[in-house]
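FYI, it's all coordinate maths here, none of it is from the lab. Quick caveat: nothing in here was measured; it's all calculated off a predicted structure. All Cβ positions, glycine included, derive from the backbone under ideal geometry; neighbour counts span all protein chains shown.
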Amino acid sequence: MGNNETTPKVVALIPARGGSVRVPGKNTRSLAGHPLIAYTISSAIDSGVFDKVVVSTDEERTAEIGRHYGADVPFLRPVDYSGSTSPDIEFVVHALDEYRNLGTAFDAFSILRPTSPFRKPQTIQRAWAEFLEAGPSVDSLRAVERCNEHPMKMWVIRGKLMHPLFAFGPQDQPWHSSQYPTLPEIYVQNASLEIAWSRVALEDRTIAGETIMPFLTVEDEGIDVNNKYDWAIVEQMIAAGDAKLPEVHQPPFAD
């Protein structure tokens with residue numbers, strides 16, 4: 001914690017590496033008139049939660065877009081930390097270390113991924129309030145939602161036979177043949193947000209730690225845009241009014 005125990009300094013980290021396999025240029029691709037990343041930057045700023053809103057990128061054009069929409073981008077992420085298999089802990093520690101070198105230490109950080117454009121300022125405010133209420137007894141908070149595809153109904157295939165991922169439930173009945181109301185409530189993480197104390201990353205070299213609290217997203221807050229199919233569905237939802245993007249105050253970015 002910082003000097004003022006009641007007001008921890010917190011930074012929003014928006015990861016936006018240049019490469020994307022499934023949707024080329026995804027983070028800066030236009031959605032409803034603005035680059036995808038603009039909605040995350042705007043929600044982070046409008047939430048009023050963060051001391052700084054930072055774009056972590058290895059690409060100068062993405063950095064320029066980030067600055068246009070009000071984010072802080074004082075340095076680029078090293079290429080070594082920007083591959084498709086680079087773990088998140090690398091860009092998080094890099095950003096926290098760079099800011100410490102610049103004279104600013106943060107007590108906590110939040111990862112806000114551009115692929116969740118429907119995350120609202122109110123979403124962030126709600127998550128931050130829940131995290132602060134839990135206090136230092138938890139290491140981190142992670143956004144989750146109820147599973148649509150229940151793992152108790154999943155299978156693995158070996159050769160010409162398949163086997164249930166989970167075998168038997170109550171009364172020795174197989175889970176895969178049980179009614180949905182009898183199945184345990186299972187939640188899956190989404191990319192909407194994560195919050196953790198900086199010590200978790202700097203000392204334990206993990207973005208989550210060991211004690212993780214859930215943050216339940218509602219309605220469109222947890223929608224992720226990860227492939228071309230997702231992109232098409234999201235555009236249809238926006239057009240139909242089934243999902244609402246947060247407000248962006250800046251004019252559209254022009255190359």
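For the chain, the longest principal axis of the Cα atoms and the long axis of helix 88-101 meet at an angle of about 20 degrees.
Projected onto its three principal axes, the C-alpha set of the chain covers 60, 43, 35 Å, listed from the longest axis down. For region 195-255, GluC sites (Glu not before Pro) are listed when DSSP marks them as loop and at most 12 other Cβ atoms sit within 10 Å of their Cβ; the list is Glu210, Glu247. Among 25-32, 150-157, sorting by the average number of other beta carbon atoms lying within 10 angstrom of each residue, highest first, gives 25-32, 150-157.
Taking every C-alpha pair closer than 8 Å and separated by at least 6 residues, the mean separation divided by the residue count of the chain gives a relative contact order of 25 percent. Under a model in which nothing but the beta-carbon of Lys, Arg (+1) and Asp, Glu (-1) is charged, the chain shows a dipole of about 620 debye around its Cα centre. Can you tell me what share of the DSSP beta bridges in the chain is antiparallel? A percent to the nearest 5 is fine. Here the share of antiparallel DSSP bridges comes out near 55 percent.
Dividing the summed helix terms, -39500 (n - 2.57) for each DSSP H run of n ≥ 4, by the number of residues in the chain produces a 222 nm estimate of -8500 deg cm²/dmol to the nearest 500. Taking Cα atoms only, the orientation of helix 121-134 departs from the longest principal axis of the chain by about 80 degrees.
Quick one: net charge of Phe106's neighbours, Cβ under 9 Å, K/R +1, D/E -1? Here the charged neighbours net out to +1.
Summing Lys and Arg as +1 and Asp and Glu as -1 over all other residues whose Cβ lies under 13 Å from the Cβ of Asp204 gives a net charge of -1.
Could you check which residue among Tyr180, Tyr69, Tyr99 shows the biggest mean-square fluctuation in a GNM of the chain with a 10 Å Cα cutoff? Among Tyr180, Tyr69, Tyr99, the largest GNM mean-square fluctuation belongs to Tyr180. For the chain, set up a GNM with springs between Cα atoms under 10 Å and report which of Pro174, Pro136, Pro15 has the largest fluctuation. Between Pro174, Pro136, Pro15, it is Pro174 that shows the largest mean-square fluctuation. For region 190-237, the list of trypsin sites (Lys or Arg not before Pro) that fall in a loop by DSSP and count at most 15 other C-beta atoms within 10 angstrom reads Arg205.
Restricting the calculation to Cα atoms, region 130-255 shows an Rg/Rh of 1.08 when the hydrodynamic-style radius is the Kirkwood one.
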